[in-house]
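Report on one structure; see the data block that follows.
FYI, it's all coordinate maths here, none of it is from the lab. Being a predicted model, the structure only gives us computed values, none of them experimental. Quick reminder, even Gly has a Cβ in these numbers, built from the backbone with ideal geometry, and neighbours come from all protein chains shown.
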Amino acid sequence: MVSFRGSLSIIGSSFLAVLLCFVSVLAEAEGVSKSEMQKNNIVSIKQGLISGLSENGVDTYLGIPYAEPPIGHLRWRPSQDPKPWSGVRKAIEFGSACHQIGNFYTSNNADDFDRPYGSEDCLYLNVWVPEDIRGERPVVVFIHGGGSVHGAASLPLYNGMTLAKELNAVFVSINYRLGFYGNMSSADLRLGDPAGDSGNFAVLDQIKALDWVQNNIGSFGGDAANVTLMGHSAGCGNIWHLMRSPLASGKFHKTFCMSGISNDSSREDLDEAGQALLTNLLIADGLIPSKSGYKHYLETTTSDQRRDYLYSKSSLDILKASEGVTINPPAVDGYVITAGKNERLVNAVASVVGTTDDEAGLLYLGGFSKKNYAGLWELIHSDKQLERSDFFENILDYIKFKMAVWIIDPVLLHLVDKSTELLKSSAVPVYRYHFEWKDTPEPWRSLIGSYHGIDVPFVFGNFETDTPSFTDFTWRVSGAEQRENMHSTFSKAMRGFIESTDPNKYAPQLRWSPWNSDDDDLILR
């Protein structure tokens, strides 16, 4: 049920013919005929030729490098343009996820959980293009969630095939550096370059991906002047960062932000976390006996020696040393990010901002439950009738969990409200939805309700009812027609919004009014 509370550009055919001719000339220079390009879905981008796949009326290009691998001397440096290649590069497999401890926000394979997963070489993106291109189409760039320490664009939940077709848009998803690979600050790593010295490498990766879109998306029929940033959870949080970065100005024109808050930290916070990481590495190598030995190490080494030491450590060493260390949000460094979370946005654009009714439940279940990710995965896919004792060691842990959710839920919603108010003050169109769909089985309904991320499959149309996924339990008592109707509500609103900033264009019955207060949220049940 949907209720309301409260109140292409088309390029000329002659230009398109010239463009296709130009691409054909480039391809033939590489020894590829025009007919072969069409047969094998070959596209020419700045770095060279790529070939993709075709399925269900959508051309798919996976694992395209948008930057040089951030390894070796490029670790903890701003992402660099990818090098060109000769011949035709196959773009038929996802690039590696960024290095992390695997969980069900990253993979649908339980063998990947609670162990190192992915690689530092991970700066790849994926493109889905509806076939029969006629003119330029809107572009959607998706940033995955996962708390900035987990996640991957390759998660089947994020497959862009359905949305590309339904939105009549070019859909792009990206990976970006996670954890201390994407957010690392230390005086020893500063070389005088304001971008590199910022420590905000994940944000710089996302800006580099947007640069790639600006330079290449026209080859896929996309309109570089009509780019909508879309993100969930940490992906939405990163959208808020990009709206506060002058380096991202003009590279996106709308946002669709799901369940993410605007946050920041100070350079001092990031330096403190970087020190904690270095301390853990030194202890693991036996170079200091404990944290108390860090001061002596600092006094007996140079900055160059400490920097060389950090670069000498393996990706696995850094991942292990990061355990137990708080990963702070990006800092307001004055160059990459110039505005704080409560300051006027640098890039205020038309936006849709969404929340779910029970944001905290799933986020905090793992912290109070006796189960790790692999254990929760088993419960998610269990056929037996679950009891509270399957999740919690005792009644006290259950009470602590419910108290935490009761306290945190309104806090998270309040923070989203504050960010939305700041956006609205910039006089751009802003729309809000609040997702209250709770047709889930017990005990999940009582435990986590309309949980953080439950709206994502409804947006993408990827319900994964026939394959294992962390949303598996969600669909056991609901019907396919109910799910598809809700997905249709989202896709129609999204199509109107990305084309014209009007979510009612293809679904006028929604009567979705611009947001002014909580009473203007569109309620989706």
Residues whose placed amide H lies under 5 Å from that of residue 92, excluding near-sequence neighbours: 62
Region 269-398: C-alpha gyration tensor shape, a/c 1.5 cut-off, then a/b vs b/c: oblate
Residue-averaged 222 nm ellipticity for the chain, from DSSP H runs of 4+ at -39500 (n - 2.57), nearest 500: -10500 deg cm²/dmol
Theoretical gain in end-to-end length, residue 300 to residue 446 [0.36 nm per residue, Cα-Cα removed]: 46.9 nm
Rel. contact order, % - alpha carbon contacts under 8 angstrom, at least six apart, region 151-280: 22
Three-way shape call for region 79-170 based on the alpha-carbon gyration tensor, with the a/c threshold at 1.5: oblate
DSSP beta bridges in the chain [antiparallel fraction, %, rounded to 5]: 35
Karplus-derived HN-Hα couplings along region 262-267 (A = 6.51, B = -1.76, C = 1.60, θ = phi - 60°), whole Hz, x at Gly and Pro: 8, 9, 6, 8, 9, 4
Gap separating the Cα centres of region 239-276 and region 113-136, nearest whole Å: 22
Nonlocal amide H pairs with residue 184, under 5 Å, H built at 1.01 Å: 201
Relative packing of peptides 400-413, 352-365, 231-244, 183-196 - highest average C-beta neighbours within 10 Å first: 231-244, 352-365, 183-196, 400-413
Entry for percent of Cα pairs over 32 Å apart (calculated from the structure that is shown) out of (i) 50; (ii) 38; (iii) 45: (iii)
Gyration tensor (alpha-carbon) shape descriptor, region 385-525, a/c threshold 1.5: oblate
Scaled radius of gyration (Cα, divided by 2.2 N^0.38 Å) that region 357-455 gives: 1.28
³J(HN,Hα), Karplus 6.51/-1.76/1.60, whole Hz, each residue of region 44-50, x for Gly, Pro: 9, 10, 4, 7, x, 9, 10
